[in-house]
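Some notes on the structure that comes next.
The values are calculated or read from the model by the stated rules, or taken from the named source; none is laboratory data. Computed from a prediction, not measured in an experiment: that's the story for all the values here. Note that we place each Cβ from the backbone using ideal geometry, even for glycine, and neighbour counts take in every protein chain shown.
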């Protein structure tokens with residue numbers, strides 16, 4: 001569209017008040033309303049007055065996306081005048097949709113613009129809100145570009161509320177005066193959505209999520225308690241980028257501190273790529289004319305193909321329920337629609353396709369004040385699947401991380417039960433057995449909480465080993481580790497020559513409570529599928545408050561100090577838990593383990609019995625203490 005010289009004259013000729021403008025809408029029209037915090041409140045209030053109070057309009061369909069403000073047109077008193085059609089159900093219309101007073105159209109967020117342009121959902125009118133024009137006649141769509149630009153291009157009549165309080169955002173966010181049919185000048189505050197303060201559960205979830213985010217990653221940052229908690233937890237990261245459908249105030253501090261600088265992004269480097277934002281005036285002032293932010297239409301921004309062009313793309317989305325096979329419900333509570341498909345499926349698929357990408361579903365383990373588990377044997381009747389079993393990768397609760405991609409139903413059920421709330425694990429295990437997801441004799445994960453703070457990385461002669469607490473879902477990995485041991489190493493570990501390491505043995509070594517029964521593994525890499533190369537365990541004898549300890553190292557990684565590190569780590573953790581000391585039973589020829597005990601610095605007691613040595617020491621008896629006495 002060429003920029004015309006006389007746009008100022010045309011602008012003046014198209015100005016009118018809201019009543020005059022909205023009287024051009026006819027009964028039976030389909031009207032698009034700018035969503036989120038860009039909703040033109042003055043136009044909407046006037047429309048309701050004209051159509052409802054004055055009975056001048058009937059059967060007007062109002063197409064909307066996220067509803068942040070009130071939705072007076074969706075009340076029962078106006079049911080003959082207006083019918084709200086949500087493409088994503090926000091708080092303002094949730095009850096109306098449930099009561100049948102409004103409609104919900106399930107659709108991927110990225111597909112909405114083409115739905116307008118193609119005429120599959122033809123629009124008669126677009127009610128939008130924009131900034132005043134610049135000297136070239138361009139208005140910015142401000143805080144919401146998403147499908148607004150497509151709606152304005154597709155609608156037969158475009159009515160724009162020109163509001164000086166709308167921030168001028170940059171990117172593919174402009175509409176020229178020549179593409180606006182009617183201009184209503186009206187200044188009012190932009191809708192605001194205060195930041196949700198994270199609670200303890202959200203902060204615990206965030207600790208697990210942030211461990212998955214590497215320096216240089218590009219993140220999808222949403223809004224709500226969990227996303228805000230994740231943003232708080234990223235303060236120690238470096239060189240993060242942002243490619244997201246939406247963001248809020250929480251992003252500002254990460255930019256100001258230099259954590260988010262978009263320097264490592266491989267798609268639109270240097271830019272925060274987004275399609276809309278919701279927040280407070282602080283946010284709106286920050287994005288105003290800020291070239292770091294590039295607002296794009298949602299079909300471009302949320303295209304899985306474009307999302308996947310970011311290396312190390314991390315998508316973090318929430319859910320209402322996850323069943324034991326990995327199906328994710330994020331849009332409904334049973335038959336009751338709660339939100340919508342939105343951009344979750346787009347970003348989960350895009351992150352999965354991205355090089356080193358990580359799609360993450362994060363949710364509290366319970367709902368309704370802790371009385372209901374969100375990890376369930378099957379989704380509630382009527383619940384919708386937003387992320388399929390095939391798309392889910394990481395599921396995170398406050399109790400840990402379950403990695404599901406490429407895993408069997410048995411492995412998925414085991415992993416998800418372990419991150420369920422401890423009080424529901426036994427019942428979930430029982431139902432998993434009834435559904436034949438897991439073995440009849442499989443143990444229920446103990447009521448321990450995965451101690452994420454124990455995860456760390458160490459270097460040994462140029463080999464990087466990641467140490468973490470063992471998980472119930474490590475059963476197969478542990479079997480592979482045991483089968484990889486040489487005959488001699490297996491003999492020294494189990495006191496017999498073994499040709500088989502059955503599932504039951506591996507299961508006994510990965511079923512721990514992290515207090516009285518603790519296991520630590522060393523892996524080559526920090527992914528949940530990385531092979532195990534070292535393992536250490538203790539089992540507490542509560543009568544004597546002494547722990548039986550055992551550890552082993554894969555043959556090709558022995559004599560590098562890995563066993564010594566494991567031992568020192570187990571000692572530290574035992575002392576922190578108030579355990580009195582360690583005891584170990586070893587073969588006489590197990591020189592490596594004997595040497596580690598002898599160099600422990602504690603007073604060592606030994607007892608020999610037919611080639612087997614029992615070693616023990618107490619933490620309150622150090623060698624130097626005896627020298628001083």
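Out of 9, 76, report the one residue that is surrounded by fewer than 21 Cβ atoms within 10 Å (Cβ to Cβ), more than 25 Å from residue 193 (Cα to Cα) and more than 42 Å from the chain's Cα centre (by Cα). If you could, list the steps in order and put the result at the bottom.
Working: 76 fails: more than 42 Å from the chain's Cα centre (by Cα).
Testing whether each residue is surrounded by fewer than 21 Cβ atoms within 10 Å (Cβ to Cβ), more than 25 Å from residue 193 (Cα to Cα) and more than 42 Å from the chain's Cα centre (by Cα) leaves just 9.
Give just the number: which of (1) at pLDDT 95 or above; (2) under 11 Å from the mean Cα position of the chain (by Cα) does residue 226 not satisfy?
Unmet for residue 226, out of (1) at pLDDT 95 or above; (2) under 11 Å from the mean Cα position of the chain (by Cα): (1).
Somewhere in the range 226-236, is a residue without any contact (Cβ under 8 Å) to a residue 40 or more places away in the chain, in contact with a strand residue (DSSP E or B) (Cβ under 7 Å, 6 or more places away or on another chain) and in a helix (DSSP H, G or I)? I'd like the intermediate steps shown before the answer.
To start, the set of residues in the range 226-236 that are without any contact (Cβ under 8 Å) to a residue 40 or more places away in the chain comprises 228-229, 231-236.
In the following step, the residues that additionally are in contact with a strand residue (DSSP E or B) (Cβ under 7 Å, 6 or more places away or on another chain) were identified as 234.
Okay, now just the ones that are also in a helix (DSSP H, G or I), so none.
No, that holds for no residue.
Can you name every residue in the range 33-73 that is within 23 Å of residue 339 (Cβ to Cβ) and surrounded by fewer than 22 Cβ atoms within 10 Å (Cβ to Cβ)?
41, 61, 68, 69, 70, 72
Of the residues 396, 385, only one is over 24 Å from residue 479 (Cβ atoms) and out of contact with any helix residue (DSSP H, G or I) (no Cβ under 7 Å at 6 or more places or on another chain); which?
On the way: 396 fails: out of contact with any helix residue (DSSP H, G or I) (no Cβ under 7 Å at 6 or more places or on another chain).
385 is the lone residue from the list that is over 24 Å from residue 479 (Cβ atoms) and out of contact with any helix residue (DSSP H, G or I) (no Cβ under 7 Å at 6 or more places or on another chain).
Could you list all residues from the range 371-404 that are surrounded by fewer than 16 Cβ atoms within 10 Å (Cβ to Cβ) and not in a loop (DSSP other than H, G, I, E, B)?
372, the sole residue that qualifies.
Which residues, counting only those in the range 480-530, are in contact (Cβ under 8 Å) with a residue 40 or more places away in the chain, over 21 Å from residue 448 (Cβ atoms), over 28 Å from the mean Cα position of the chain (by Cα) and part of a loop (DSSP other than H, G, I, E, B)?
Matches in the range 480-530: 485, 486, 495.
Return the residue satisfying two criteria in turn: it lies in the range 424-448 and is within 24 Å of the chain's Cα centre (by Cα) and in a helix (DSSP H, G or I), and of such residues it is nearest to residue 510 (Cα to Cα).
The qualifying residue nearest to residue 510 (Cα to Cα) is 425.
Considering each residue of the range 86-102, count those that are surrounded by fewer than 18 Cβ atoms within 10 Å (Cβ to Cβ) and either at pLDDT 95 or above or more than 19 Å from residue 52 (Cβ to Cβ) (or both), and give that number.
2
Is there a residue in the range 375-383 that is over 30 Å from residue 513 (Cβ atoms) and under 16 Å from the mean Cα position of the chain (by Cα)?
At the first step, the residues of the range 375-383 found to be over 30 Å from residue 513 (Cβ atoms) are 380-383.
Imposing the further condition that a residue be under 16 Å from the mean Cα position of the chain (by Cα) reduces the set to none.
Scanning the range 375-383 turns up no residue that is over 30 Å from residue 513 (Cβ atoms) and under 16 Å from the mean Cα position of the chain (by Cα).
Can you tell me which of (1) buried (at least 23 other Cβ atoms within 10 Å of the Cβ); (2) touching a residue at least 40 places away in the same chain (Cβ under 8 Å); (3) in a helix (DSSP H, G or I) is the one residue 222 doesn't meet?
(3)
Would you check which residues across the range 481-519 are closer than 19 Å to residue 409 by Cα and surrounded by fewer than 18 Cβ atoms within 10 Å (Cβ to Cβ) and list them? Walk me through how you get there before you give the answer.
Keep residues of the range 481-519 that are closer than 19 Å to residue 409 by Cα, which gives 503-504, 506-507, 510-511.
Of everything in the range 481-519, those that are closer than 19 Å to residue 409 by Cα and surrounded by fewer than 18 Cβ atoms within 10 Å (Cβ to Cβ) turn out to be 503, 504.
Which ones in the range 32-77 are over 18 Å from residue 161 (Cα atoms) and assigned to a helix (DSSP H, G or I)?
Within the range 32-77, 51, 52, 53, 72, 73, 74, 76, 77 meet the criteria.
With respect to the numbered conditions (1) free of Cβ contacts under 8 Å to residues at least 12 places away in the same chain; (2) out of contact with any strand residue (DSSP E or B) (no Cβ under 7 Å at 6 or more places or on another chain), which one is the sole condition not fulfilled by residue 372?
Evaluating residue 372 over (1) free of Cβ contacts under 8 Å to residues at least 12 places away in the same chain; (2) out of contact with any strand residue (DSSP E or B) (no Cβ under 7 Å at 6 or more places or on another chain) leaves (2) as the failure.
Of all residues in the range 285-297, which are within 24 Å of residue 233 (Cβ to Cβ) and either in a loop (DSSP other than H, G, I, E, B) or in contact with a strand residue (DSSP E or B) (Cβ under 7 Å, 6 or more places away or on another chain) (or both)? Spell out the reasoning first.
Taking the range 285-297 as the starting set, the residues that turn out to be within 24 Å of residue 233 (Cβ to Cβ) are 286-287, 292-293.
Of everything in the range 285-297, those that are within 24 Å of residue 233 (Cβ to Cβ) and either in a loop (DSSP other than H, G, I, E, B) or in contact with a strand residue (DSSP E or B) (Cβ under 7 Å, 6 or more places away or on another chain) (or both) turn out to be 287, 292, 293.
What are the residues in the range 163-209 that are more than 36 Å from the chain's Cα centre (by Cα) and assigned to a strand (DSSP E or B), if any?
Those that are more than 36 Å from the chain's Cα centre (by Cα) and assigned to a strand (DSSP E or B): 176, 182, 183, 184, 185.
Return the only residue of 309, 282 being in contact (Cβ under 8 Å) with a residue 24 or more places away in the chain, part of a helix (DSSP H, G or I) and either on the phi > 0 side of the Ramachandran plot or surrounded by fewer than 22 Cβ atoms within 10 Å (Cβ to Cβ) (or both).
Details: 309 fails: part of a helix (DSSP H, G or I).
The unique qualifying residue is 282.
Can you find, within the range 331-350, the residue that is surrounded by the most Cβ atoms within 10 Å (Cβ to Cβ) among those that are more than 18 Å from residue 111 (Cα to Cα) and in contact with a helix residue (DSSP H, G or I) (Cβ under 8 Å, 6 or more places away or on another chain)? Before the answer, list the steps.
As a first pass, look at the range 331-350 and keep what is more than 18 Å from residue 111 (Cα to Cα): 332-338.
With the extra rule that they be in contact with a helix residue (DSSP H, G or I) (Cβ under 8 Å, 6 or more places away or on another chain), the set shrinks to 336-338.
Working: 336: 14, 337: 22, 338: 18.
Checking each candidate, the answer is 337.
Quick check on the range 405-422. Is at least one of its residues surrounded by fewer than 16 Cβ atoms within 10 Å (Cβ to Cβ) and in a strand (DSSP E or B)?
no
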